[in-house]
Every structure is written in structure tokens, then in C-alpha cells.
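The values are calculated or read from the model by the stated rules, or taken from the named source; none is laboratory data. Since we're looking at a predicted model, the values are computed, not measured. Here the Cβ positions follow ideal geometry from the backbone for every residue, glycine too, while neighbour counts run over all protein chains shown.
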Amino acid sequence: MNILVVNAGSSSLKYQLIDSVTGIASAKGLCERIGANGSCIEHKNLVKGTKTSLESPMKDHADAMKLVVNYLTDKEFGVIESMDEIGAIGHRVVHGGSYFSKSILLNDDVLAKLELCKDFAPLHTIAHLMGIKGCLDTMPSKPQVLVFDTSFHQTMEPEAYMYALPYKYYSEYGIRRYGFHGTSHRYVSGEMAKILGKPVEDTKIITCHIGNGSSITAVKGGKVMDTSMGFTPLAGVEMGTRCGDIDPAIVTLIMEKENMTPAEVNDLMNKKSGFLGITGLSSDMRDLLAAAEEGGEKGERASLALNILKHNVKKYIGSYAAIMNGVDAVVFTAGIGENCGALREMICSDMEFMGIELDKEANAGRSSDPFRISTADSKVAVYVIPTNEELVIAQDTAAIVEAK
Ligand code: ADP
């Protein structure tokens, strides 16, 4: 079944058309500046290897979806004859609160619960609702499935997801750890379990999704025990522009000293911290690597940002091995995890005490398939596994629609 995978942002919409049986994507693209001047769509036909783009007004996500369908069915750039060849639509949804522990078919009740998730992730949820409405307007009869970044983490025990705040903040406002990137952690931990070749119930895997946003997850027996992101995707390790874990008292202190509003300090921690905040240079790992190589004052700051991330990730690996009583495998994924051998080497060095031995030559390699970067003797297997969240969304969507 052809599944249209949709990832709707507030002014953007990413899409892929994936055959859920073969797992192959035939087309993908991106609509940008929806609702603003200069909206445009970039569309790729992955079968022919062609690419096209068009500046065209899109006042809302429904307009964007119409353009997507036009391109998918276009004689020259399309991959299908008509909309009938789309079996269903699968949406990536960032926050499902405690309402959704697995992917689900859209209906009025689901839509009402998704509305409630605005409390947790207002901007993302509003964008997803616009994407869903855009699909309902354009393709009213197509089944739609929601796949949540938070749902894989719903297996955590209260001891992992509760914060030690007065209990009423949990019961009244749902303040707890939710965790994010769940679709990615689920995919790579599942692939890793297959590689380990033992029953999933017997596996202990630490997955390191390191990209612009990063999170580390402990997966024991196929279930999440803990994850580094929290109530929002701001928690955990240092990221491109996010600070990750800090002493919460710092927030009120900065607000007092700099006379900041909650919105301003939120912006500071989400958009001006992390690599960008430490270096003043960039939020992009490639820029940090280049600056560190060049040396000088900028290089020192870049090295500091790299070392903070290394230190953070090591700490999570160590603590997750402790809560799982051991670890069989560590997996690196996402933009940095998949491509930055230098950082992987920094993280995996001096970890022999817990059975991690890196094969430096293997670690210098690159592949679109999973590859092992630990030595043959390493007690813990260390792998790079390219993530594929869209495939999980397509497969979940097809399974739910077929079971209807
Ligand atoms: P997002 O969280 O937005 O999905 P990605 O997973 O695409 O982000 O990761 C983006 C990060 O990956 C950027 O910091 C980028 O510099 C880094 N990255 C991409 N390619 C490389 C590379 N070859 N070497 C080092 N870092 C890389």
C-alpha cells in the first residue's frame, strides 16, 4: 500500500510517498513558507532521480496538500496516476501526552484528544492539526493515522517519568517526563535487536539519536526504561541550540538578573544555547568541527562545545547501563550520530571498563546500511544504524488501516 507520510510544521510540510511492503520511498518533498509570501514546494521523484521546485501561493496546509497531490500525480514529475493509488496518510505527531501509547487511526475522539496536547506542545500540535485538516480538505475519504514521537516512551515506570515536584503538578497539569524521537529510538533499537539475534525480551540497548535535537534512550526487552528528553525536547544532552539539562535554579536567576519574561528565557534556552550559545558561531556540528580544526579562540570554544556533548552522552550511557543492569549494544543514529565518527570516537573512548571497545578503522567508515564500529572482542556491540522514522510511520499506518 502506498502511504503518504506527512510531517507538518507551522509553516512547512514535509512528505514522502512510501510503499509499505517494500519500504521504498518513490517521492519526497517539502512545502515551505505556507501562509506567508514566497511559498514554494520542492518535489523529488526518487524513481527517476529528478527534482523540481515551484513558487506558488499556499495560504494554508490544504493548499500545500493540493500542490503535493498535483506533483505526485504529475505526468512528468509524478510517481502515481491518480490519488486513488494513495492508500492512507500517516502523520508524524510530536506530542501525544499521556493519551496515546501507540499509533492510532484518526477519528473525532482522537482529534479531540490531540487538541488537548496543545497544552504540552502548542506550536507543534497546532501545526499537526493544520496538516490533518489540510488532508481532510483535500482527501476526505483517505484514512489518516497519527504516529507519535512520545508513544514509544510510554512504557517508562513512574520512577523514571515522575519529577520530584509537588504531586499536584503531575495530576493537574500532566507535568512528567514524556520523551521524544520515540519513532527513531523504536526503529533503531528494533533493528539492533534483530542484529543481536536474540529474543527482544533479553536485549539491553542504549540508543543515541544525535542530530540538531538529541536524545538518549535505555531500551530493555524492547521497552523504554528511561530517556533523556523530558516534559519537552529541551531536556537531556547539549544540542544545536538547546541547553539540555541545567540546574533549574539558573532559570529564575537569569530571569531576575536580566529582567527576562518567561517567553524570553524559554527562547534563550531553546534557540540561543547549546553549540550556538557556547561557541557564538553556529548550531551546526560541521561548523564546530571545522572551527576546532582551525584552532585559536573560536576553535577552543568549538572544542568545549564538543567536549560538553561527549561528556553528557557518556554520562547517559553509564547511567542507563546502571539502570538496565548492563548493556548489550549502543547505537548511534541521526545526522551527527550517523555521520560524525570523531564524536563517536570521543564518546566511546575510555569505556573499556564497561565492555565498550571501539574499532577506529570501522568507525571511520560510512554507510547507508547499519555497520558495527566496535571490535570483535568488545563485550558491548556498538553500531551506527541510519534512522528511518518515515518507514515506521508508513508501516504503522498500513498495519492499522489493513486491520480496520
Ligand atoms: P534534525 O534533528 O534537525 O533532524 P539531523 O538529524 O539532520 O537534524 O542532524 C543535523 C546535524 O547533523 C547537524 O549538526 C549537522 O552538522 C550534522 N551532520 C550532518 N552531516 C554531518 C557530517 N558529515 N559530519 C558531522 N556532522 C554532520
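Tabulated results
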{"quantity": "Boolean, residue 152 is assigned to a loop (DSSP other than H, G, I, E, B) and buried (at least 16 other Cβ atoms within 10 Å of the Cβ)", "calculated": "no"}
{"quantity": "Count of residues meeting criterion [at pLDDT below 95 and assigned to a helix (DSSP H, G or I)] in the stretch 382-404", "calculated": "0"}
{"quantity": "Test: residue in the stretch 374-381 that is in contact with a Phe, Trp or Tyr (Cβ under 9 Å, 6 or more places away or on another chain) and outside any helix (DSSP H, G or I)", "calculated": "yes"}
{"quantity": "Inter-residue pairs, beta-carbon under 6 Å, first buried (at least 19 other Cβ atoms within 10 Å of the Cβ) and in the stretch 230-241, second among the acidic types (Asp, Glu), 6+ apart", "calculated": "235/245"}
{"quantity": "Filter result for the condition that a residue is acidic (Asp, Glu) and within 16 Å of the ligand (Cβ to nearest atom), over 245, 287", "calculated": "287"}
{"quantity": "Strands (runs of 3 or more DSSP E) contained in the stretch 1-92 and holding at least 2 residues surrounded by 16 or more Cβ atoms within 10 Å (Cβ to Cβ)", "calculated": "2-8, 13-19, 25-32, 40-45"}
{"quantity": "Pairs with Cβ under 7 Å, 6+ apart, first in the stretch 61-87 and more than 16 Å from residue 44 (Cα to Cα), second acidic (Asp, Glu)", "calculated": "62/137"}
{"quantity": "Some residue of the stretch 248-266 being under 20 Å from the mean Cα position of the chain (by Cα) and not aliphatic (A, V, I, L, M)", "calculated": "no"}
{"quantity": "Within the stretch 349-371, considering residues that are within 16 Å of the ligand (Cβ to nearest atom) and not in a loop (DSSP other than H, G, I, E, B), the one nearest to residue 307 (Cα to Cα)", "calculated": "363"}
{"quantity": "Residue ID - nearest to the ligand (Cβ to nearest atom), chosen from residues in the stretch 187-242 that are of a type in the set (Asp, Glu) and outside any loop (DSSP other than H, G, I, E, B)", "calculated": "191"}
{"quantity": "Hits in the stretch 298-339 (condition: within 16 Å of the ligand (Cβ to nearest atom) and either outside any helix (DSSP H, G or I) or among the acidic types (Asp, Glu) (or both))", "calculated": "331, 332, 333, 338"}
{"quantity": "Tally, over the stretch 349-404, of residues that are in contact (Cβ under 8 Å) with a residue 40 or more places away in the chain, out of contact with any Cys (no Cβ under 9 Å at 6 or more places or on another chain) and of a type in the set (Val, Ile, Thr)", "calculated": "9"}
{"quantity": "Whichever residue in the stretch 248-284 is among the aliphatic types (A, V, I, L, M) and loosely packed, with under 13 Cβ neighbours inside 10 Å and, among such residues, is nearest to the ligand (Cβ to nearest atom)", "calculated": "263"}
{"quantity": "Per-region count, the stretch 162-186, residues within 16 Å of the ligand (Cβ to nearest atom) and in a loop (DSSP other than H, G, I, E, B)", "calculated": "3"}
{"quantity": "Qualifying residue in the stretch 330-346 (condition: surrounded by 14 or more Cβ atoms within 10 Å (Cβ to Cβ), in contact (Cβ under 8 Å) with a residue 40 or more places away in the chain, touching a strand residue (DSSP E or B) at 6+ places or on another chain (Cβ under 6 Å) and among the aromatic types (Phe, Trp, Tyr))", "calculated": "yes"}
{"quantity": "Residue list for the stretch 111-139, filter: among the aliphatic types (A, V, I, L, M) and touching a residue at least 12 places away in the same chain (Cβ under 8 Å)", "calculated": "111, 114, 116, 121, 123, 126, 127, 129, 130, 132, 139"}
{"quantity": "Test: residue in the stretch 278-288 that is at pLDDT below 95, of a type in the set (Val, Ile, Thr) and part of a helix (DSSP H, G or I)", "calculated": "no"}
{"quantity": "Meets criteria (more than 19 Å from residue 313 (Cβ to Cβ) and either crowded, with 18+ Cβ neighbours inside 10 Å or within 12 Å of the ligand (Cβ to nearest atom) (or both)) for residue 384", "calculated": "no"}
